[in-house]
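Q: Input: one structure, supplied below.
The values are calculated or read from the model by the stated rules, or taken from the named source; none is laboratory data. Remember, it's a predicted structure, so these values are computed and weren't measured experimentally. No Cβ is skipped: glycine too gets one built from the backbone with ideal geometry, and neighbour counts run over all protein chains shown.
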Amino acid sequence: MKVKKYIDKQQLIQSGDRLLLACSGGVDSVAVVLLFQEIQKIYNVQLGIVHTDHQLRGEESAEDMQFVEQLANRLEVPFYGTTLEVPSRVEAEGGNVQVICREERYDYFDSVMKQEHFDKLVLGHHADDQIETIVMSLVRGSLASSLTGIPITRPFSNGSIIRPFLSVTKEDILDFVQSHEQSFRHDPSNDKHTYTRNRLRHTVVPLLRQENMHVADSIRTFVEKQQQDDTFLQMLAKEKFDQLVTVKNESNFVLNTKQFSETPVALQRRVILILLKYLYDSSNTLLNNRLIESILTACNEQDGNTVIHLPKDFFLIRHYSQVQFSSNPIQSLPTQSQLVDEDCWKAVGAGYSIYLTRNLNEQVPSDEKWFIQLENDSLPLSIRQKMEGDRIHLKGMSTPKKVSRLFIDEKIPTEERVVWPILVSAKNDIMAIIGLRYGQQFEKKRNMQNFVLYVKSY
């Protein structure tokens, strides 16, 4: 028996387990019920059957519940069923109907497992589902570090979820149920091409089978190896996370970019995903590959400052060699300064680079060009972020202006003010707020100055 061999190989069941079988009434889950009823004594396990009515198909879905309950009664297996208020929640909240159905369904599964002391929830996902999942991940672009597909087992409630049918195809399941002369329910929504998974199931998967009739076995072997590799890499990534990330509190993390940039890329991505899981408990948070790549880029740089506005009002704030992930952008990292070298471009944050030179005749492509007289006691210049009490003396003003007031006047967002590049002299006099305002020492026209400052945005 193929499924039994798979159960034994993956060690999915232990003697004495209490197994909750999720049964929708469809052929896959009915096969799960029939099979486990047959092997119950072999493994010395206790069974229960659970079903949920999402109320999306009216009387038809109510009949599904009746069917499953009658099956449970005939097999003398305890039945747990409920009607979920999915339509009212969709009307009140909007959102993805499938996501809401899944949340409601798993909440009920969780409550039954805890109340009735079940150890494992058994689901009927099969090898064809695995093909669809892998193809869908490739088409949509997976956020994961590797294609690991549907997991064979994972923690859930007070126990775990197991999927013993990942070793068999839909055709195998149909043959098994028909050999038992057992009827099953059919959900017509599975025939529609409204959902991506359905389109792949009815169009792409048959084409793959034409190329390789054993494609399900090939995908299963591939996924199992990927999952084994990923488990190992996740273990290494967690060790690396503990080394690289300082947890200030549940919404404030600091990462050392120098050590991070020396970490293999395979672990870098996993470390970032671990960190984001701490920030976002909900799997529905809108993360995407572009955002992940932006975070990786910011964490691999040591120069300048960067602010990335993350979902749900979190911020990534990089100050040179440290990155802070925080819900409060005002809680910035300790003030650091960055020396301004001459005759080279220096990225200084907020999307700006500067080029300082004594060669007044040099023509450097830029957005701004400023002439300035600098004495030896003012050098070297440096870049830092704003500090409390900062003031800058602007041309035409009798007294210095507060930098905090200037940011307000220029309508600079709060999260950007903490990392905006400020040019200061060796005496810590504020010379310029790069890209915004320049001190009274700066001139647009050349006179007798000894330096020129080029500024460009990117």
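Q: Just to be sure I understand the filter: pairs with C-beta atoms under 6 Å, separated by 6 or more residues or on different chains, first member in the range 44-59 and within 16 Å of residue 106 (Cα to Cα) and not assigned by TED's automatic domain parsing to the domain that holds residue 33, second member charged (D, E, K, R) and buried (at least 19 other Cβ atoms within 10 Å of the Cβ). Which pairs pass?
A: That search, which allows pairs on different chains as well, returns nothing.
Q: Could you check the range 37-64 and list, in sequence order, the residues that are within 36 Å of the chain's Cα centre (by Cα), part of a helix (DSSP H, G or I) and more than 10 Å from residue 23 (Cβ to Cβ)?
A: 61
Q: Please give the helices (runs of 4 or more DSSP H) falling wholly within the range 82-172 in which 2 or more residues are among the charged types (D, E, K, R) and surrounded by fewer than 16 Cβ atoms within 10 Å (Cβ to Cβ).
A: Numbers: elements: 86-93, 97-116, 127-140.
Counting at least 2 such residues, we get 86-93, 97-116.
Q: Could you tell me whether residue 33 is surrounded by 13 or more Cβ atoms within 10 Å (Cβ to Cβ), among the aliphatic types (A, V, I, L, M) and in contact (Cβ under 8 Å) with a residue 40 or more places away in the chain?
A: Working: surrounded by 13 or more Cβ atoms within 10 Å (Cβ to Cβ): yes; among the aliphatic types (A, V, I, L, M): yes; in contact (Cβ under 8 Å) with a residue 40 or more places away in the chain: yes.
Judged against the criteria, residue 33 is a match.
Q: Please pick out the residue among 398, 366 that is among the hydroxyl-bearing types (Ser, Thr, Tyr) and either touching a residue at least 60 places away in the same chain (Cβ under 8 Å) or not assigned by TED's automatic domain parsing to the domain that holds residue 431 (or both). Give the derivation first.
A: On the way: 398 fails: either touching a residue at least 60 places away in the same chain (Cβ under 8 Å) or not assigned by TED's automatic domain parsing to the domain that holds residue 431 (or both).
That would be 366, the only listed residue that is among the hydroxyl-bearing types (Ser, Thr, Tyr) and either touching a residue at least 60 places away in the same chain (Cβ under 8 Å) or not assigned by TED's automatic domain parsing to the domain that holds residue 431 (or both).
Q: Go over the candidates 185, 197 one by one and state the one that is farther than 19 Å from residue 9 by Cβ, touching an Asp or Glu at 6+ places or on another chain (Cβ under 7 Å) and at pLDDT 90 or above. Spell out the reasoning first.
A: Details: 197 fails: at pLDDT 90 or above.
Criteria check complete, one pass: 185.
Q: For the subset of the range 444-458 comprising residues that are hydrophobic (A, V, I, L, M, F, W, C) and part of a strand (DSSP E or B), which member is surrounded by the most Cβ atoms within 10 Å (Cβ to Cβ)?
A: So in the range 444-458, the residues hydrophobic (A, V, I, L, M, F, W, C) come out as 448, 451-453, 455.
Now narrow it down to the ones that are part of a strand (DSSP E or B): 451-453, 455.
On the way: 451: 20, 452: 20, 453: 24, 455: 20.
Per the criteria, the residue is 453.
Q: Kindly provide the set of residues from the range 4-25 that are more than 14 Å from residue 45 (Cβ to Cβ) and buried (at least 17 other Cβ atoms within 10 Å of the Cβ), ordered by number.
A: Matches in the range 4-25: 6, 22, 23, 24, 25.
Q: Return the pair list, or none, for Cβ contacts closer than 7 Å from residues in the range 427-450 that are more than 18 Å from residue 379 (Cα to Cα) and touching a residue at least 40 places away in the same chain (Cβ under 8 Å) to residues that are among the small types (Gly, Ala, Ser) and assigned to a loop (DSSP other than H, G, I, E, B), at least 6 apart or on different chains.
A: The qualifying pairs are 435/350.
Q: Still on this model: Based on this model, can you work out whether residue 274 counts as farther than 20 Å from residue 435 by Cα, part of a helix (DSSP H, G or I), out of contact with any strand residue (DSSP E or B) (no Cβ under 6 Å at 6 or more places or on another chain) and at pLDDT 90 or above? Show your work before the answer.
A: Working: farther than 20 Å from residue 435 by Cα: yes; part of a helix (DSSP H, G or I): yes; out of contact with any strand residue (DSSP E or B) (no Cβ under 6 Å at 6 or more places or on another chain): yes; at pLDDT 90 or above: yes.
Yes.
Q: Taking the options 184, 176, name whichever one is part of a loop (DSSP other than H, G, I, E, B), in contact (Cβ under 8 Å) with a residue 60 or more places away in the chain and aromatic (Phe, Trp, Tyr). Talk me through it step by step, then tell me what you get.
A: Working: 176 fails: part of a loop (DSSP other than H, G, I, E, B).
Step by step, each of 184, 176 is checked, and only 184 is part of a loop (DSSP other than H, G, I, E, B), in contact (Cβ under 8 Å) with a residue 60 or more places away in the chain and aromatic (Phe, Trp, Tyr).
Q: Identify the single condition in (1) closer than 28 Å to residue 109 by Cβ; (2) touching a helix residue (DSSP H, G or I) at 6+ places or on another chain (Cβ under 8 Å); (3) aliphatic (A, V, I, L, M) that residue 161 does not satisfy, given that it satisfies every other one.
A: The number of the failed condition is (2).
Q: I'd like the full set of residues that are under 19 Å from the mean Cα position of the chain (by Cα) and either part of a helix (DSSP H, G or I) or within 30 Å of residue 171 (Cα to Cα) (or both), limited to the range 245-267.
A: 260, 265, 266, 267
Q: Report, by residue number, each residue of the range 367-391 that is buried (at least 17 other Cβ atoms within 10 Å of the Cβ) and not acidic (Asp, Glu).
A: Residues satisfying the conditions are 370, 371, 372, 374, 378, 381, 382, 383, 384, 385, 386.
Q: For the range 193-213, name all the residues that are surrounded by 11 or more Cβ atoms within 10 Å (Cβ to Cβ) and either outside any helix (DSSP H, G or I) or among the basic types (Lys, Arg) (or both).
A: Just the residues of the range 193-213 that are surrounded by 11 or more Cβ atoms within 10 Å (Cβ to Cβ), to begin with: 193, 195-202, 204-205, 208-209, 212.
Once the filter is applied, which keeps residues that are surrounded by 11 or more Cβ atoms within 10 Å (Cβ to Cβ) and either outside any helix (DSSP H, G or I) or among the basic types (Lys, Arg) (or both), the range 193-213 yields 193, 195, 197, 199, 201, 209, 212.
Q: Of everything in the range 351-363, what is of a type outside the set (S, T, N, Q) and exposed (fewer than 15 other Cβ atoms within 10 Å of the Cβ)? Give them in sequence order.
A: Kept after step one, since they are of a type outside the set (S, T, N, Q), are these residues of the range 351-363: 351-352, 354-356, 358, 360, 362.
Of everything in the range 351-363, those that are of a type outside the set (S, T, N, Q) and exposed (fewer than 15 other Cβ atoms within 10 Å of the Cβ) turn out to be 358, 360, 362.
Q: Within the range 254-270, count every residue that is in contact with a Ser or Thr (Cβ under 9 Å, 6 or more places away or on another chain) and closer than 13 Å to residue 297 by Cβ.
A: 3
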